[in-house]
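Below: one structure, written as C-alpha cells.
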Amino acid sequence: MNFKKYFLLYTLIPLAILSIASSYYRFIVTEDYLVEYEEECNPEVNSCFIGCKDDDCSAEYYYCLVTKHASQLMTQCGPDITDCESAQVCLPGEKGDCSVTFCDIETDGDACEVIEMGPTYENVEPSEVINNTTSVEIGAELII
Amino acid sequence: MICYLYPEPSYLFFTTGIPELLYYSHIPTAIFAILIGLYVFLNAKKSLLNKLLFLITLIFSLWTFFNLFAWTNINGNFILFIWPYFGILSALLSILSIYFVYVFINQKDISFRLKIVFFTLLAPLFIFAHTNLNLSGFNITYCDPYGFEGIVYKYYYIFVSVLSLIWIPILLIKKYLISDINLRKQIILLGTGVELFLLTFFLATFVASYFSGIGVLGDSRIELYGLFGVLIFIGFIGVLITKFKTFRVGIIASQGLLVSLVILISSQFTYSDSQTATVLTSITLIFTGAIGIILVRSVKKEIRQRQEIESLATKLEKVNVRLKQLDKLKSEFVSIASHQLRSPLTSIAGYASLLREGNFGVLPAKMKEPIDRIERSARFMAESIEDYLNVSRIESGNMKYHLTDFNLRDETEKLCNDLRSQALRKGLILLFRTDMTAKGFVNADLGKIQQVIHNLINNAIKYSQRGSVTVYVKDDIKKRVINVEIIDTGIGMSQSTLHSIFQKFERGDEANTVNVAGTGLGLYVAQKMAEAMGGNISAHSEGEGKGSRFVLALPMVM
C-alpha cells in the first residue's frame, strides 16, 4: 500500500539523485563537454565574422569561432582563457572535436569580412577544409 | 571554464552588467512562492493538497534560484551542472500542477495507474539529463549553452508543459459541469490561477530560450517577466484560502500572511535603485493591496460568522446536555415499564384466570363478570405496555430482528387455527384460503411476523360485529412477493382514516362505534416491523361499514 501511495517519491528521488550525481561527474569532475568561444581574427588573412562592440554597433570587431573540449582547454589554459595562446589554435595531438570556424561568405553573407582574398594556411591539407566552415582538425596548426 | 567577458559575482549572486529587473523578478517571487507554500503546508501537514501546493512552490523557487544562479555566474562547469534542471523542474512543475488539480477536484489521491503515467513522462528527463541528448557544450563568450542544447530533449519537456496546459482545463471543465455553485466558483479561481501561472511561465521561458537560441533575441531577459505569473497564482490561492477554506488555513493565519506579503514587497523599495524597479515594485504593491482588501473583508466576515457559530455551539452544547438527561430518564422509564409494570400485570391476569377457572374454590356466579373484567383489563394493559416498549425500541433503533427462512403460508394457517375460537365466540367465521405457486418461504423474524399477522387478524375480529374474517395467502412470482390478505366484513374505514391509519396513536373514527379499547400503536408497530424486514402493510376499504382489507407483503425466498 505504501509503495503505491509513495510511488512517485520512491522512484523519482533515486532517479533525481542519480541524475544529479551523473551531471556533477560529467560537467564538474571530468569536464566532459565542448567549449565554444570567439577568438580574434584578422580579416586580411581570413574570412572573419563581424561583431559589434555595443548595442548601437558604433564599433566593430572581427572574430572566428573556436570549439575545444573543456578538459583539454583546462589543461592548456586553466579556467580562464584570456591571454592563453593555446586557446586560439588546435594543437597537435589534441583530443577530439577541436575546430576553428571562419565565416563563410556563401552562407553567412554580410556577417563576414574579408579584406584580402582568401585565407592563408600553412601545414593544413586541403581535404581538412569543411564545406561551409574552415576547420583545422587535430594535428594541424593554423597560423593567424 | 570561466566566461571571460563577464565580471565575477559577489556573494554568489550579486554582479553588475545584468538586467535590473533580474533581482526583482527572481528574489521576491521565489520568496513569496515558498512562503505561501510553506505556510499552507504547516497549517495542515497531512493534507495532500497542501503538500502538493508546497511542492509546486518549492519547485518554482528552485527553478528561480537556479535561473538566478545561471544569470549571475560565470563558471561554465556550474552553469552546465544546473542547466539540465531547468527542463526537469519545468516538467515537474507541469506534472505536479496536474496532480494538484486532480486532488483538488476529487478530494483524494490519484490512482496508481496515473502515477505510473506521470513517472513515465518524467523518467526520460532524469535519465538523459547528463547526456549529449540534453547538453553537449557551452559558449564561454556569451556564457550560455543555448547552441548546444539537444532539440529532442528540449522539445520533450516543452511537450510535457503543453500537455499540462491542455490536460488541466479538460479536468476542470469536466468537474465544473457536474458541480454545485460553490465548487464551480472554486474551480474557476483555481483553474484561472494555475493556467495563468503555467502559461506565463511556459511562454516566457520557452520563448526566451527558443528565440535566444536561434539568435532572434539578444539574450533571454524576457523570461524574467514570466516569473510574475506566480503572483497571480498566489493571489488566487489566497482567495481560495480565505473565502473557501480550501487549504484549511486559519483566519488569523491569513491576516498574518497578508501582512508579511505587504512587508516583503515594500522591502523591495530599499534596494530598487532604478526607476523601472520602483515602478514595478509599486505595481506589485498595488496588486497585492487590492487582493489584500478583498481578503481582509472576507476575513472580517469570517470572524463574525465564527463568533456566531461559537455562540450557537455553546447554546447547542447546553441543550445537548439537557437532551442527554432526558434520554437517560426515558431509558429509565422504559426499564421500569418493562420490568416493574409488566410483571405484576402478568400476575394479576394469571391469578384472575386461576380464580375464574376455580383453582381457589368455586366462586359465586356474580363474581365471574368482575374477574373476567380484571383479567381482560390486565391483559390489555400488558399488551399496551408491550406496544409502548416496541415503539421505544423501533425509534431508538434497538429492535432486534433474527432473520430465518420459514413457510409463511403454514405459519399463517397456524395463527388462524389459534384465533378461530376467538372469532367463533363473537359469532364470526374465520376462513383460511391459499393460492400459492411457490412453496411460500420468506426470510424474516418468525416471532415478529407472527406478532404482525396476529395483530391484523385480531383487529379484524375486534372490529367486525358479524360476518366473516378471511385470511388469504397468495404469491406473485413476477414481483417475488407473498401477500397475506386479511379481509373482514367489519366497520370499514373512510378515506381520511386510510391515510392516517399507520401513524402513531392513530385510531379510526369508526373504532369508537364498536367500543374497542386500543392504544393506536398496533398498526404503527406492525408497519415498522414489516418495513424493517423488507415488506410493507397496506390498508384498503371501500368506506365506512363496507369492511376492510389489510395486505402484508413480504419478499419471497426463491
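The values are calculated or read from the model by the stated rules, or taken from the named source; none is laboratory data. All of these numbers come straight from a predicted model, not from anything done at the bench. Cβ: placed from backbone, ideal geometry, glycine included. Neighbour counts: every protein chain shown.
Go through B:ASN443, B:ASN417, B:ASN407 for me and flag whichever is more than 45 Å from the chain's Cα centre (by Cα), in the same structural domain as B:LYS479 (by TED's automatic domain parsing) and of a type in the set (S, T, N, Q).
B:ASN417
Taking into account only those residues within the stretch B:1-22 that are more than 14 Å from every other protein chain (Cβ to nearest Cβ) and within 19 Å of B:THR200 (Cβ to Cβ), which is surrounded by the fewest Cβ atoms within 10 Å (Cβ to Cβ)? Looking at the filtered set, the residue picked out is B:LEU21. When A:ASP80 is tested against (1) closer than 30 Å to B:LEU217 by Cβ; (2) at pLDDT below 90; (3) outside any loop (DSSP other than H, G, I, E, B); (4) within 12 Å of another protein chain (Cβ to nearest Cβ), exactly one condition is not met: (3). For the stretch A:1-54, the set of residues classified as modelled with pLDDT under 90 and part of a helix (DSSP H, G or I) consists of A:ASN2, A:PHE3, A:LYS4, A:LYS5, listed by residue number. May I ask you to verify whether B:ILE166 is closer than 23 Å to B:LYS46 by Cα and under 42 Å from the mean Cα position of the chain (by Cα)? When the stated conditions are applied, B:ILE166 does not pass them.
It is to be established whether one or more residues within the stretch B:130-145 are within 13 Å of another protein chain (Cβ to nearest Cβ), within 17 Å of B:TYR102 (Cβ to Cβ) and surrounded by 19 or more Cβ atoms within 10 Å (Cβ to Cβ).
no
When A:GLU31, A:GLU39, A:GLU113, A:GLU85 are screened for being touching a Phe, Trp or Tyr at 6+ places or on another chain (Cβ under 8 Å) and either loosely packed, with under 13 Cβ neighbours inside 10 Å or within 12 Å of another protein chain (Cβ to nearest Cβ) (or both), only A:GLU39 passes. Can we say B:ILE82 is within 14 Å of chain A (Cβ to nearest Cβ) and either surrounded by fewer than 22 Cβ atoms within 10 Å (Cβ to Cβ) or aliphatic (A, V, I, L, M) (or both)? In short, yes. Tell me, which residue of the stretch B:423-457 that is without any contact (Cβ under 8 Å) to a residue 60 or more places away in the chain and within 19 Å of B:ALA539 (Cβ to Cβ) is surrounded by the fewest Cβ atoms within 10 Å (Cβ to Cβ)? The extreme case among them is B:HIS454. If the condition is being within 41 Å of the chain's Cα centre (by Cα) and part of a loop (DSSP other than H, G, I, E, B), then the stretch B:478-508 contributes B:LYS478, B:LYS479, B:ARG480, B:ILE501, B:PHE502, B:GLN503, B:LYS504, B:PHE505, B:GLU506. Only a single item in (1) assigned to a helix (DSSP H, G or I); (2) more than 11 Å from chain B (Cβ to nearest Cβ) is not met by A:CYS103, and it is number (1).
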